[in-house]
4 protein chains.
Amino acid sequence: MERKILITDCADAQGLIAKITGVCFQHQLNIIKNSEFVDNGQGRFFMRTELEGEFNDEGLLADLRKVLPEQNHMTLVNAGKKRIVVMVTKEAHCLGDILMKSFYGALDVEIAAVVSNYEILKPLTDKFDVPFHFVSHEGVTRGEHEQKMLSIIDTYNAEYLVLAKYMRVLTPEFVERYPNRIINIHHSFLPAFVGASPYRQAWERGVKIIGATAHFVNNCLDEGPIIKQDVIPVDHHYSAEDMARSGRDVEKSVLSKALQLVLNEQVVVYGNKTVVF
Amino acid sequence: MERKILITDCADAQGLIAKITGVCFQHQLNIIKNSEFVDNGQGRFFMRTELEGEFNDEGLLADLRKVLPEQNHMTLVNAGKKRIVVMVTKEAHCLGDILMKSFYGALDVEIAAVVSNYEILKPLTDKFDVPFHFVSHEGVTRGEHEQKMLSIIDTYNAEYLVLAKYMRVLTPEFVERYPNRIINIHHSFLPAFVGASPYRQAWERGVKIIGATAHFVNNCLDEGPIIKQDVIPVDHHYSAEDMARSGRDVEKSVLSKALQLVLNEQVVVYGNKTVVF
Amino acid sequence: MERKILITDCADAQGLIAKITGVCFQHQLNIIKNSEFVDNGQGRFFMRTELEGEFNDEGLLADLRKVLPEQNHMTLVNAGKKRIVVMVTKEAHCLGDILMKSFYGALDVEIAAVVSNYEILKPLTDKFDVPFHFVSHEGVTRGEHEQKMLSIIDTYNAEYLVLAKYMRVLTPEFVERYPNRIINIHHSFLPAFVGASPYRQAWERGVKIIGATAHFVNNCLDEGPIIKQDVIPVDHHYSAEDMARSGRDVEKSVLSKALQLVLNEQVVVYGNKTVVF
Amino acid sequence: MERKILITDCADAQGLIAKITGVCFQHQLNIIKNSEFVDNGQGRFFMRTELEGEFNDEGLLADLRKVLPEQNHMTLVNAGKKRIVVMVTKEAHCLGDILMKSFYGALDVEIAAVVSNYEILKPLTDKFDVPFHFVSHEGVTRGEHEQKMLSIIDTYNAEYLVLAKYMRVLTPEFVERYPNRIINIHHSFLPAFVGASPYRQAWERGVKIIGATAHFVNNCLDEGPIIKQDVIPVDHHYSAEDMARSGRDVEKSVLSKALQLVLNEQVVVYGNKTVVF
């Protein structure tokens, strides 16, 4: 008995749920969980179906294709452990949370490697017996630095790259190598305070709530599809540094939750947005 | 074109979604929104289907019955405005919120009448041109009082009774007249602080969060199926009275949200719990 | 026995709390509640002292002035009911909440009048026996319209103007008449989505949380000192209209809470920020 | 220049703030932060004063005693790192969070040792070079087990014991050794679901919110003074196991925050409640 997740994305039409679940039924697959969403404005249909049974992948997809509108998009992937590479700079909290949760089984993930432009997080990574690669950005161009990083990252065949407070902007060339497969945590409640020093910006504006945003990376900085956001209250007692300190807990929690959703195949990217089942 | 909501509740079996949506498709009904839930522990299947089209109610239910397991339970009701009677004692905030939201169209409800054991909320009710009935509980037995209330309430053919801070315990005889159709707001985060003076109990215990709970009423006080809960933080500065004052905003908000869910046919009672689609 | 609130704002120095509370003690005033805040970055001291007793206002302030650094700023105001004028356009929810809470005593305020550029909220205002003034903006310049509004508003000697979804931008001339005395509710989590149609902007960006912001109005649109913010989660099911609908509950709640803080003299404006005691 | 925290707890009287801050001023101590609270019902005054300067501890306390009402209670402690011993059973998440936050400097604490009745968390503890002591409860009486634990714990001179999911009930004899110095995390929103299996109890009751509570341990199980609580929403999709899984994030976060407050000397126990400055 295997468990797989089928994501269907196509133009909306009458009877789609009946047709798709009917095909699954013919294939003697049991539906563990089913969620659908119709974007009525765009006339678009999305469905996530968690299936259990003996799979004939090709046959199933072929039979589904017969009942779906043209230009449908389907993915059928195994439930279970995914492989990630984590990119970091100097801050430990997000990486620490991912390592720790993976250690005690709260994140179903294989951390293949940690790659960083500083050495500072090597001791932390070593504790969990995960390979750590230091690739300095000094004395090389941005392009060269990224090529060095990629030459390491690519060897791990990771399904996702996780930017756990990686503080350098990625070039479009880098991003295109992992389309919709790079997850970033931004330390503000986007789209407020894009760019550098969001906590300082927040402090200067005198906001009463700060937040964090996990999103897929696309070519526009801080503008990719949002996966998860959360906030905490602050008040006039908070300096910009206090906000940064308190914000770390939200950052790590939002990134872990977003990662969990992505690993569970609950997130479908759609234009510049996500459907989170 | 009508819009109706089909709630299906039956033993779980393979292919149920395909079968039910298939029948709807045959009846040329468009599925606007579909949500299902399987309680794997109990082997129970629940589905809420929002349908649009020309309905043959009897035919649809008969065709569905053919494909469902025995001992299924289905309801098919019109989407749209429901009729309620509100029962109150002395406090204005929950009644005020329901009247106000109904006035500006945020609650899709017809408030048929307000019934109270005090006269104090008559001026508020009058502002919104809703009939107000004062039925004193003084000098009569509990049973007589309830009979008097019911003789008025029953004339309004309300789909739901809303206890908007009605501060008397209802007898089983009363409750049985409106099974799973009486919604109460309890001013604590149930099951903490059942019974009287929950804010005082909360203050004495020194909790750091207080809440409110909207639930259906059954024969055990404060123990019916929970529909909605919410909380707010408190601290040592709060006296029991401060908690009560701050709690009112949560009470009114939780009751309004629970009512909205019930009016939208999003709540299915199941044992002593609810499935909230 | 009177109750008054003393707000002190001056350069920070050693012994300020001892000196100020010492003077209050000499005046035989009882401190009901005291809160202080030092902005260490700016070297600025703020204190809010709730006092009870027999007041000699001039004497107290004179004695305090002797112990404070130069260029101090003090205010001493009566605790208790303040007078407001509410400005609205077409939406009922914020006005409705203020009227209702004032009616049942949850907001300690006298609503002197409601002024609007539409007639639509007159019936609601009439229910609560509050004067309603309709001043159309059609066929007049912005300046003329504001002059007409002010000629009415000024007669009420209001301590605060509350923009309860007043959907027109005020000119600097208007704002200067009520410096730090105009409270606005903006229907987004500022500084995200300034300007028009914030819910549509939020929907287009695909955010997972929406919010509302109450702030004092200054000459830059949506950029005045923030008093209170709150948020609610949304997901892909929400259209821009759904966000607007759900957002109304947050808007009304944030505005009411901000108003309560201002009425209690808990808010001190400081540069473009607020200290909220 | 040292930094110390003065906690004053005495009967309320006029002029206390002036008197206490006056003595501090005479001692040429700078007040970094001051917070006071009066319980008007009990006529009790509490103040937390963060002081900086050159301290003459004995002299300061003696001078303060002269101006305070009789039966006052004062503590003057150094700000900065405190020493704790952590007690655990099998679950890693709370211990993991404390170890990790201590590692990257987010908790200002020295973790002197981890003591457990199982060996399962030794590998995790070892990663952070903290001594781990395994003291099996098998084959010994409860009293003997606790004596063995205490004979180890006492050697560390810890200021606080942290029960990071230590799943055995402590005897009064144990608790009395560390009065108001043992912090426990209970996996429910107390006082709902005291005792064993709170998530199962929550699931059976069908609640829509679950939570966690950090409290000091006294002789009544789950009834000690509450320090911090937090909650997360759940729905009908959650099994008792899902609730437990999701609850872990709240448990660890609530325990860390409570610990931080205690380490900062922000928590004053008062009867069976806490004042949290």
Filter result (in contact with a helix residue (DSSP H, G or I) (Cβ under 7 Å, 6 or more places away or on another chain) and not basic (K, R)) within the range D:187-212: D:H187, D:S188, D:P191, D:F193, D:Y199, D:A202, D:W203, D:I210, D:G211, D:A212
Within the range A:1-58, residues polar (S, T, N, Q) and more than 21 Å from B:K33 (Cα to Cα) come out as A:Q26, A:Q28, A:N30, A:N56
Pairs needed: first member in the range B:22-44, without any contact (Cβ under 8 Å) to a residue 60 or more places away in the chain and within 7 Å of another protein chain (Cβ to nearest Cβ); second member anywhere, of a type in the set (A, V, I, L, M, F, W, C) and in a helix (DSSP H, G or I); C-beta distance under 7 Å; at least 6 residues apart or different chains. B:G22/A:A18; B:F25/A:A18; B:I31/A:I17; B:I31/B:C24; B:N34/A:I17; B:E36/B:I17
Boolean, C:M87 is touching a helix residue (DSSP H, G or I) at 6+ places or on another chain (Cβ under 8 Å), surrounded by 22 or more Cβ atoms within 10 Å (Cβ to Cβ), away from every other protein chain (no Cβ under 11 Å) and modelled with pLDDT of 95 or more: yes
Taking the residues in the range A:226-277 that are of a type in the set (K, R) and within 30 Å of A:N78 (Cα to Cα) as candidates, determine which candidate is surrounded by the most Cβ atoms within 10 Å (Cβ to Cβ). A:K252
Report whether or not C:V109 is surrounded by 15 or more Cβ atoms within 10 Å (Cβ to Cβ) and either in contact (Cβ under 8 Å) with a residue 24 or more places away in the chain or assigned by TED's automatic domain parsing to the domain that holds C:R248 (or both). yes
Identify the single condition in (1) surrounded by fewer than 18 Cβ atoms within 10 Å (Cβ to Cβ); (2) of a type in the set (S, T, N, Q); (3) within 20 Å of C:R44 (Cα to Cα) that D:T21 does not satisfy, given that it satisfies every other one. (1)
Quick test of your reading of the structure: A:E223 fulfils all but one of (1) at pLDDT below 95; (2) over 20 Å from C:I209 (Cβ atoms). Name the failing condition by number. (2)
If we take the range B:34-93, then strands (runs of 3 or more DSSP E) inside it with 3 or more residues that are within 19 Å of B:V262 (Cβ to Cβ) and within 18 Å of the chain's Cα centre (by Cα) are B:73-78, B:82-88
Name every residue in the range A:33-58 that is among the hydrophobic types (A, V, I, L, M, F, W, C) and within 14 Å of A:I7 (Cα to Cα), in order of residue number. A:F37, A:V38, A:F45, A:F46, A:M47, A:L51
Taking A:I183, is it under 14 Å from the mean Cα position of the chain (by Cα) and of a type in the set (A, V, I, L, M)? yes
Counting only residues in the range B:166-177 that are more than 20 Å from B:D249 (Cα to Cα) and crowded, with 17+ Cβ neighbours inside 10 Å, the one nearest to the other protein chains (Cβ to nearest Cβ) is identified as B:V175
Can you tell which of A:L61, A:L76, A:L68 is touching a strand residue (DSSP E or B) at 6+ places or on another chain (Cβ under 8 Å), at pLDDT 95 or above, of a type in the set (A, V, I, L, M) and crowded, with 19+ Cβ neighbours inside 10 Å? A:L68
Can you pull out every residue in the range A:98-129 that is under 17 Å from the mean Cα position of the chain (by Cα), facing chain D (nearest Cβ under 9 Å) and more than 16 Å from A:V88 (Cα to Cα)? A:K101, A:A106
So C:G59 fits all but one of (1) of a type in the set (G, A, S); (2) within 30 Å of C:M149 (Cα to Cα); (3) not assigned by TED's automatic domain parsing to the domain that holds C:L255; what number is the exception? (2)
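The rows are residues; the columns are (1) loosely packed, with under 13 Cβ neighbours inside 10 Å; (2) assigned to a helix (DSSP H, G or I); (3) not assigned by TED's automatic domain parsing to the domain that holds B:L263.
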residue	(1), (2), (3)
B:D126	no, yes, no
B:D129	yes, no, no
B:S136	yes, no, no
B:G139	yes, no, no
B:G143	yes, yes, no
B:L150	no, yes, no
B:A158	no, no, no
B:P179	yes, no, no
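Quick check on my filter: what residues within the range C:6-18 are within 8 Å of another protein chain (Cβ to nearest Cβ) and out of contact with any Phe, Trp or Tyr (no Cβ under 7 Å at 6 or more places or on another chain)? First the steps, then the outcome.
Applying the first criterion (within 8 Å of another protein chain (Cβ to nearest Cβ)) to the range C:6-18 yields C:14-15, C:17-18.
Selection gives C:I17 alone.
The values are calculated or read from the model by the stated rules, or taken from the named source; none is laboratory data. Since the structure is predicted, the reported quantities are computational estimates derived from the model, not experimental observations. Cβ atoms come from the backbone with ideal geometry, glycine included; neighbour counts cover every protein chain shown.
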